[in-house]
Amino acid sequence: MNGGAHTLAEVPVSTLKGVGPALSEKLAKLGIQTLGQLLFHLPSRYLDRTRVQPIGGLQPGISAVIEAEIRACDVLYGRRRSLVCKVQDNTGTLTLRFFHFTAAQKQRLIAGARLRCFGELRRGGSGLEIVHPEYEVLDRGQPKPLEQSFTPHYPTTEGLTQPRIRALMEQALVRLEQQPIAELLPEALTRSLGQVPLSQALKLLHKPPLNTDLQAISEGTHPYQQRLVFEELLAHQLSMLMFRHSAKRATAIPLQDATGLTEQFKEQLPFALTAAQQRVTAEIMTDLAQPEPMLRLVQGDVGSGKTVVAALAALAAVASGQQAVIMAPTEILAEQHYANFSQWLSPLGLQVNYLSGRQKAAARRESLSAVAQGEAHIVVGTHAVFQEDVQFARLALAIIDEQHRFGVHQRLALSDKAPPGTTPHQLIMTATPIPRTLAMSAYADLDCSVIDELPPGRTPVSTVVISDQRRAEVIERVNTACQDGRQAYWVCTLIEESEALEAQAAEATCELLQSCLPNARVALVHGRMKSREKEAVMTAFKAGEIDLLVATTVIEVGVDVPNASLMIIENPERLGLSQLHQLRGRVGRGATASHCVLLYGSPLSNHSKERLRVMRESSDGFYIAEQDLELRGPGEVLGTRQTGAMQFRIADLGRDAYLLPQVNAAAESMLRHHPGHAQALLQRWLSGREKYLGA
Ligand code: ADP
Ligand code: MG
């Protein structure tokens with residue numbers, strides 16, 4: 001390791017020439033307070049001012065230096081008055097356009113004059129043009145020398161210009177020269193990665209010399225960038241592990257079923273647990289018996305039977321004289337759990353209470369009191385269970401269903417609900433299978449259990465892929481199903497990132513289907529409806545009062561309607577495979593054989609064909625997730641967890657996932673052998689993102 005560690009990281013930017021309070025404030029907006037932070041503020045792209053380029057080879061969107069002769073220069077009076085200069089070199093012509101210009105400028109920009117210009121090319125009315133180029137008339141004396149390195153372009157904030165921020169960086173780079181930035185990675189690791197010293201990587205990225213592979217840089221694959229990517233991924237991984245370690249240091253109440261309550265429960269179930277359910281339950285029971293909080297994620301495909309496993313965990317709490325809470329992300333799911341738990345547990349003489357934000361005041365008061373007095377053994381609800389007025393008598397276990405809807409801070413809020421000095425055990429359940437490597441990164445703070453088996457007797461949903469040119473046939477098929485007393489879903493997918501448009505499309509489809517199917521009871525549910533309305537429709541569908549439910553993707557999560565055995569998904573090519581799998585999991589929950597029709601918009605690209613083929617051939621959520629990862633990249637697979645929480649400066653999980661196994665191993669080893677450096681690395685990459693630094 002270098003001596004003089006961390007110092008640059010601690011030197012305030014105000015020590016640079018020209019940085020007064022006003023500029024300091026602007027820099028602070030960019031998260032820059034120290035020289036270290038300034039140096040880690042990397043360019044978003046680079047401009048090439050190192051060479052003169054022939055006009056004939058230029059493309060819109062790039063910035064370039066050209067040298068050319070003015071052919072004509074005129075003031076045009078279009079929508080806006082502008083000075084328009086046609087210039088030419090021996091490879092082509094180009095337009096320069098000035099909306100603001102002085103009389104002196106106009107006088108000098110005359111036909112025959114030679115110019116050197118720099119600016120960003122765009123497609124204009126008559127070929128390529130540059131608006132407001134920087135320019136220099138060449139006829140007089142020596143032109144300025146060309147740049148010796150590529151010009152960085154930085155993310156910035158209002159009032160902080162590129163030249164200004166570049167000048168600051170120049171100063172910082174001089175300081176870096178005198179005092180390299182601390183290497184925080186263990187030497188063995190940098191060696192095995194074949195990587196350059198950090199200071200060198202930073203220097204190159206701020207000032208790439210002429211021979212730099214700019215293509216690689218723009219793709220983010222340059223070894224010097226990958227050096228930083230590795231650090232950033234490592235910092236994220238470390239933050240999660242540290243979060244976990246600090247969470248594990250808390251005290252939890254050990255839970256054990258000494259009374260045989262769980263056995264009693266299993267005996268009265270109409271089915272036997274699958275081997276996978278038994279194994280995962282055993283893992284949970286081992287955790288619960290410890291005096292430190294369980295932090296466990298249960299992944300299990302839709303229909304794998306996570307709810308029973310959750311109930312068993314809850315019973316361990318009850319048998320130990322404690323309370324358990326189960327949270328679901330929506331009212332519909334919370335009510336479904338409430339119904340299940342009440343039905344299962346009332347025969348055992350246990351009290352289950354319900355809490356939601358939309359309860360009538362009296363019901364809520366009653367629940368609140370039962371929870372606070374300890375009469376409630378188990379509490380089921382929505383986010384409402386987090387609210388401040390909810391007091392538990394002795395909360396020891398929190399179960400969170402469909403985890404991707406809950407944030408880290410909500411999990412923290414929950415800790416306050418346990419008796420002073422203790423933290424509840426946490427069980428998180430998700431139906432979104434995540435391939436192992438990714439799970440190790442996205443859920444590094446959790447232990448993982450997988451229910452990798454479906455209860456016996458399920459016939460897999462048979463899936464067909466059909467072009468929407470055969471829509472009429474499909475509608476007829478729905479008609480037959482409804483006449484036979486079966487229920488169906490018709491799912492309209494997102495057209496754009498707009499819930500409003502999606503809702504509109506669903507409304508139109510619903511009207512169309514109503515007119516095509518006069519004998520069927522057709523209803524609509526979409527994300528723009530009030531949750532009360534949504535729920536009314538779902539309840540009616542569940543009760544069999546609706547034959548065909550036209551829905552947007554809002555039905556994705558966890559709703560159980562066993563009599564629904566047919567699902568049509570329009571434009572499935574717009575969705576991720578995992579999402580399709582979730583949707584499809586809504587059918588195939590009862591005894592009748594179920595069908596899923598993927599009604600694609602033709603023509604279909606080869607890539608989409610390949611993806612839909614995966615859906616047709618497999619019903620294994622993990623296999624599908626692996627394929628999704630391969631075909632679409634981790635951003636899509638991780639969904640909200642990635643977009644919501646894992647925001648990277650330079651890393652990109654899609655591009656850099658291959659580093660994860662090494663990053664994960666490095667994180668473990670660094671925590672063990674160099675905890676001080678781990679902390680410094682977090683500071684370097686994540687300062688200002690407190691929620692990651694543990695609580
Ligand atoms: P998910 O994992 O999607 O939450 P659920 O817990 O809702 O799945 O279970 C789906 C259905 O399977 C429920 O009706 C449940 O009662 C039933 N089930 C769960 N475990 C078994 C089992 N071992 N054998 C038979 N049916 C089961
Ligand atoms: Mg469920």
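The values are calculated or read from the model by the stated rules, or taken from the named source; none is laboratory data. Predicted model only: the values in this text are computed from it and were never measured. Counting neighbours? That spans all protein chains shown, and the Cβs are built from the backbone with ideal geometry, glycine included. Only protein heavy atoms, including side chains, enter the accessible area calculation; ligands, DNA and RNA are left aside. Shrake-Rupley method; radii C 1.70, N 1.55, O 1.52, S 1.80 Å.
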Scan (1) farther than 24 Å from Glu129 by Cβ; (2) touching a residue at least 12 places away in the same chain (Cβ under 8 Å); (3) in contact with a Ser or Thr (Cβ under 9 Å, 6 or more places away or on another chain) for the single condition Leu38 breaks and write down its number. (3)
Just wondering, is there one or more residues in the stretch 51-62 that are within 13 Å of Leu128 (Cα to Cα) and in contact with a helix residue (DSSP H, G or I) (Cβ under 6 Å, 6 or more places away or on another chain)? no
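Just wondering, is there one or more residues in the stretch 297-312 that are open to solvent by 40 Å² or more (accessible area, probe 1.4 Å), among the aliphatic types (A, V, I, L, M), part of a helix (DSSP H, G or I) and closer than 28 Å to Ile434 by Cα? Please lay out each step first, then the result.
Step one: list which residues in the stretch 297-312 are open to solvent by 40 Å² or more (accessible area, probe 1.4 Å), which gives none.
Scanning the stretch 297-312, I find no residue that is open to solvent by 40 Å² or more (accessible area, probe 1.4 Å), among the aliphatic types (A, V, I, L, M), part of a helix (DSSP H, G or I) and closer than 28 Å to Ile434 by Cα, so the answer is no.
How many residues does the stretch 253-296 contain that are of a type in the set (Gly, Ala, Ser), within 31 Å of the chain's Cα centre (by Cα) and part of a loop (DSSP other than H, G, I, E, B)?
Of the residues in the stretch 253-296, 0 are of a type in the set (Gly, Ala, Ser), within 31 Å of the chain's Cα centre (by Cα) and part of a loop (DSSP other than H, G, I, E, B).
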Specify the residue that is modelled with the highest pLDDT; the eligible residues are those in the stretch 27-51 that are open to solvent by 60 Å² or more (accessible area, probe 1.4 Å) and of a type outside the set (S, T, N, Q). Arg51
Looking for whichever is within 16 Å of ligand 2 (Cβ to nearest atom) and open to solvent by less than 20 Å² (accessible area, probe 1.4 Å) here; the options are Leu315, Leu333. Which one fits? Leu333
Is there a residue being open to solvent by less than 30 Å² (accessible area, probe 1.4 Å), within 18 Å of Ile569 (Cα to Cα) and at pLDDT 90 or above anywhere in the stretch 526-536? no
Using beta carbons and a limit of 8 Å, which pairs, at least six apart or on different chains, have the first residue in the stretch 326-353 and within 12 Å of ligand 1 (Cβ to nearest atom) and the second one open to solvent by 30 Å² or more (accessible area, probe 1.4 Å) and charged (D, E, K, R)? Gln336/Asp560
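Out of the residues in the stretch 586-601 that are open to solvent by 10 Å² or more (accessible area, probe 1.4 Å) and at pLDDT 85 or above, state the one that is farthest from Glu626 (Cα to Cα).
Taking the candidates together, the pick is Ala593.
Could you check how many residues of the stretch 423-471 are β-branched (Val, Ile, Thr), in a loop (DSSP other than H, G, I, E, B) and within 14 Å of ligand 1 (Cβ to nearest atom)? Let's see the steps before the verdict.
Here is the first cut: in the stretch 423-471, the ones β-branched (Val, Ile, Thr) are 423, 428, 430, 432, 434, 437, 450-451, 459, 461, 463-466.
Adding the requirement that they be in a loop (DSSP other than H, G, I, E, B) leaves 423, 432, 434, 459, 461.
Still in the list and also within 14 Å of ligand 1 (Cβ to nearest atom): 432, 459, 461.
Qualifying residue count for the region: 3.
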For Tyr354, state whether it is aromatic (Phe, Trp, Tyr), over 27 Å from the mean Cα position of the chain (by Cα) and open to solvent by less than 40 Å² (accessible area, probe 1.4 Å). yes
Suppose we keep only residues that are loosely packed, with under 15 Cβ neighbours inside 10 Å and within 19 Å of Asp48 (Cβ to Cβ) within the stretch 121-135. Which one would you say is modelled with the highest pLDDT? Arg122
Flagged in the stretch 185-223 as open to solvent by 40 Å² or more (accessible area, probe 1.4 Å), in a helix (DSSP H, G or I) and not polar (S, T, N, Q), in numbering order, are Glu187, Ala188, Arg191, Lys203, Leu214, Glu219, Pro223
Pairing a residue in the stretch 299-317 that is free of Cβ contacts under 8 Å to residues at least 60 places away in the same chain and within 9 Å of ligand 1 (Cβ to nearest atom) with any residue that is open to solvent by 10 Å² or more (accessible area, probe 1.4 Å) and aliphatic (A, V, I, L, M), where Cβ atoms lie under 8 Å and the two sit 6 or more apart in sequence or on different chains, gives Val308/Leu269; Val308/Leu273
